[in-house]
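Engineer: Dumping the structure here so I can ask a few things about it.
The values are calculated or read from the model by the stated rules, or taken from the named source; none is laboratory data. Since the structure is predicted, the reported quantities are computational estimates derived from the model, not experimental observations. Counting neighbours? That spans all protein chains shown, and the Cβs are built from the backbone with ideal geometry, glycine included. We work out accessible area using only protein heavy atoms, side chains counted, and drop any ligands, DNA or RNA first. Shrake-Rupley method; radii C 1.70, N 1.55, O 1.52, S 1.80 Å.
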Amino acid sequence: MEGNKVTIVEEIQVFLPTISSQSEFLEELSLTKDTSCGLWFIKGAFLQKFANKKAYVILYGILGCFFSAAYSYFNGTITTLEKRFKIPSRTTGIITVGNDLSQLLVSAILSYYAGRGHRPRWMALGMYTVVLFCIMTASPHFLYGAGEDALSLTMEHKHYSNSSYDEYLNHSLSYQRKDLCQNRKVNHKSCKLEEGNYTPQLILFAAQFISGIGGSLYYTLGISYMDDNVKRSKTPALFSFSYFIRMLGPALGYGLASLCLKIYVTPTLTPIIDNNDPRWLGAWWLGWIILGIVIFFLSTLLALFPKTLPRAAVRKELLKRHLSRQQSQTSSIRGNVETDIPTSFKDMIKTFQRVMKNPILMMNNSAAVFYFLGYMPYWIFLPKYIETQYRQSASASSLITGSVGLIFSAIGILLSGIVISKYKPKARKLAGWNVIVGLISVSGIISYAYLGCSDTDNKTPLLPNGELKSVTNCNSGCHCDFIKYNPVCSQNGKTYISACHAGCRDVINVNGSNLFSDCSCIKRDEVLSLERMTEIGKTLPMEKILESTSQKAGFATPGTCQVDCLFQFYIFLAVVCLLKFSGATGRASNFLVTVRCVEEKDKAVAMGFALMMMSLCAFVPSPILFGIILDKACLVWGRTCAGHGNCWLYNGETLRYTVNFTAATFVFIGTLFDIAVWYFVKDLHIFDEEFELEEAVDVK
């Protein structure tokens, strides 16, 4: 190998004197069509100075940051979308697999044809589909508005407009009395045809389906373009840096979701509730407008990059001239250098066959499939998980999900890239580390099952189908079927679905705070704990509380009862940080095994095939599977004219065990495949001796 390297360098040194200068040779190649920056009339020397790997890696990373922010923003607003359009979790799971279905159908084929074309322009075209995805996802708000439920909770609503403060309080009490225990069945306006409308769900699914095209082009072409235009020794560091920038996307998306959800769904109106109220509906649509504009601008910049970076073109041209002098088709140290084979259906089938017969690639893809199967619920449903398990608001859950572990993930990906680039470990060491990461992940996910809040596990009797027995003797005559989820906390610290389900027949207002009284499900002789008395006393005068306790039934205050769960929550966040760090350290090694186990010409196709395989076996079934698991843990469903709406309350203990143990099983199977990868990569070369062009030409 070393002899081949010396021979090549000697040939270049023979060739170079025929060139007047090194800079002229670089300029000669830079002026070709394939190495020139620009598109149509947007060209010039100013753009050409950015035709280098550093500018590409930064722009590729920033674009990926906002691209991933779009998906995390969707995840951060899932619960709000479910409330607004009455979507159950299993339907949400189906919606989220729309992009994976399109990746399944087109990723391998597109990666074959686009991989041999102008990759930056193909990537830009794909990202324009993501812009369309943002516009379509926001469109249900403009087509259907904020909804009657949200509008009825604003000062501008017909009940509250042009009213004095006293009149407003009276109207507020009247609104609350609609959800009290009624002696006769009332025709609630909440049951209406709008809640059975599937059009918004179809629009959201179509938007996800379209975005999958852009996602497949971005990942398969972007990484192969990077690897083809830099030296092998620099690939891990540059990949890690671009991935680090992309990692900021989830934090950006969840942070944007948190910010937008603090704004009422119709910003021009004045809500009568705050964002801690479970009926609050945030401006979920606003972030899509912002993300769409930014992604469009960055995609246009990406389209200006040349087909091949000038520095990489120099290396390729010198090597071709060397091989031409030798009159042979030998394999270079960088990889097999062949004349471009025209794209055709026959050649595509042969390429797919080569990829499928590669044992290392197939084992590595199988490991990735099971890892994604296990980790998918935490990427999609983590905000919902935090809301249900630790009683956090939708806004806080989105912020926590996006920010927690970011520093640890960043340190992990950057550290791994630096270590791999510096020490150049062999393939077996890289694969062995992935096995260790898998075992850490399994242990961490299992620990999630025991990091819940026991006080949030509902002890109320359940029906045979696992749902909460919301109708009991004390509220059987209250007719609460279509009452909205509006939890109240009883005087003894027990949470009820609504004042109606607590059997409350009256509501009074004291200093702007409501107190539900005459609640038949709450015993008047129940003793209040010191903590509960202190909690209520912060908002209501104690004499009113004592007066209410002397009535024939107990009382309740709006909102869920507070539980002391911070210790478990902090432990949970610590484990999340550990898994994010360990998982990030395995990204670079996994990528290197994937691109080094195939021929140079098959890299884009191999990545497209891997994406298709993961879409078919992981991305599509996992959200649906875990959406069903979440729905199975539902205790109380919202009632609509069409049947079930979204879930109001989950069984915390059932949810923890089923989700986490199922996920841990999938990740463990993925670890077994990683062990198989470790066995097969014993002869794989990650860092071969390269064609070190800079020894002859100062090209870096």
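Engineer: Using a probe radius of 1.4 Å on heavy atoms only, what accessible surface per residue do you get for segment 193-309? Whole Å² is fine.
Structural biologist: On the way: 3970 Å² over 117 residues.
Per-residue value: 34 Å².
Engineer: Another question, if that's okay. If each residue of separation counts as 0.36 nm, what is the full-extension length gain between I675 and A574 once their alpha-carbon separation is subtracted?
Structural biologist: Full-extension gain reported as 33.6 nm.
Engineer: Here's another thing I want to ask about it. At 7 Å along Cα-to-Cβ for each site, give me the label-to-label distance between D34 and D347 in nm.
Structural biologist: Label-label distance for D34 and D347, simple model: 1.3 nm.
Engineer: What length, rounded to one decimal in nm, is gained on full extension from A206 through to T300, with 0.36 nm per residue of separation minus their alpha-carbon distance?
Structural biologist: Details: separation 94, 0.36 × 94 = 33.84 nm, distance 2.38 nm.
Extra length available between A206 and T300 comes to 31.5 nm.
Engineer: Among the listed pairs K346/K603; K384/K484; K357/K422; K422/K682; K54/K426; K53/K350, which are separated by more than 29 Å between their Cα atoms? Walk me through the numbers on the way to the answer.
Structural biologist: Values: K346/K603 18 Å; K384/K484 19 Å; K357/K422 32 Å; K422/K682 21 Å; K54/K426 26 Å; K53/K350 32 Å.
Distance filter (> 29 Å) returns K357/K422; K53/K350.
Engineer: Oh, and also: For a quick check of understanding: with a 1.4 angstrom probe and all protein chains in place, what accessible area in square angstrom does W637 have, to the nearest ten?
Structural biologist: Accessible surface of W637 is approximately 30 Å².
Engineer: Let me check something: with ligands and nucleic acids excluded, how do F142, F482, F572 order by accessible area (1.4 Å probe), largest to smallest? Could the numbers behind the result be given before it?
Structural biologist: Values: F142 130, F482 50, F572 5 Å².
The ranking, largest first, comes out as F142, F482, F572.
Engineer: So if I restrict to the alpha-carbon atoms in segment 261-316, what is the Rg, and what is Dmax, the biggest pairwise distance, in Å?
Structural biologist: Expressed in Å, the Cα Rg and Dmax of segment 261-316 come to 21.7, 67.
Engineer: Suppose the chain between T560 and L269 were pulled fully straight at 0.36 nm per residue; how much longer would it get relative to their current alpha carbon spacing?
Structural biologist: 102.2 nm
Engineer: Then there is this: Per-residue counts of other Cβ atoms within 10 Å, averaged by peptide: what ranking do you get for 220-231, 430-441, highest first? Don't skip to the end; give the middle numbers.
Structural biologist: Details: 220-231: 23.4, 430-441: 21.5.
Sorting 220-231, 430-441 by mean packing, highest first, produces 220-231, 430-441.
Engineer: Where does each of 614-623, 265-274 land if you order them by average Cβ count within 10 Å, highest first?
Structural biologist: By packing density, highest mean first, the sequence is 614-623, 265-274.
Engineer: While we're looking at this one, here's another question. Using alpha-carbon pairs under 8 Å, 6+ residues apart, how would you state the relative contact order of segment 583-666 in percent? Please list the in-between numbers first.
Structural biologist: On the way: 45 pairs, mean separation 14.8, N = 84.
With pairs under 8 Å counted, the relative contact order is 18 percent.
Engineer: Follow-up. In whole Å, what is the distance between the alpha-carbon centres of segment 252-321 and segment 591-636?
Structural biologist: First find each Cα centre; the distance between them is then 23 Å.
Engineer: I'd like the per residue volume of the convex hull spanned by the Cα atoms of segment 191-267, given in cubic angstrom. Show your work: numbers first, answer last.
Structural biologist: On the way: hull volume 9.6 nm³, N = 77.
Residue-normalised Cα hull volume stands at 125 Å³.
Engineer: Sort 667-676, 252-261, 239-248 for me by packing, meaning the mean count of neighbouring Cβ atoms within 10 Å per residue, highest on top.
Structural biologist: Values: 667-676: 20.5, 252-261: 24.9, 239-248: 22.1.
Ranked from most to least packed, the peptides come out as 252-261, 239-248, 667-676.
Engineer: How many times 2.2 N^0.38 Å is the alpha carbon radius of gyration of segment 602-641? Display every interim value, and only then the final one.
Structural biologist: Details: Rg = 16.9 Å, N = 40, 2.2 N^0.38 = 8.9 Å.
Expressed relative to 2.2 N^0.38 Å, the Cα Rg reads 1.90.
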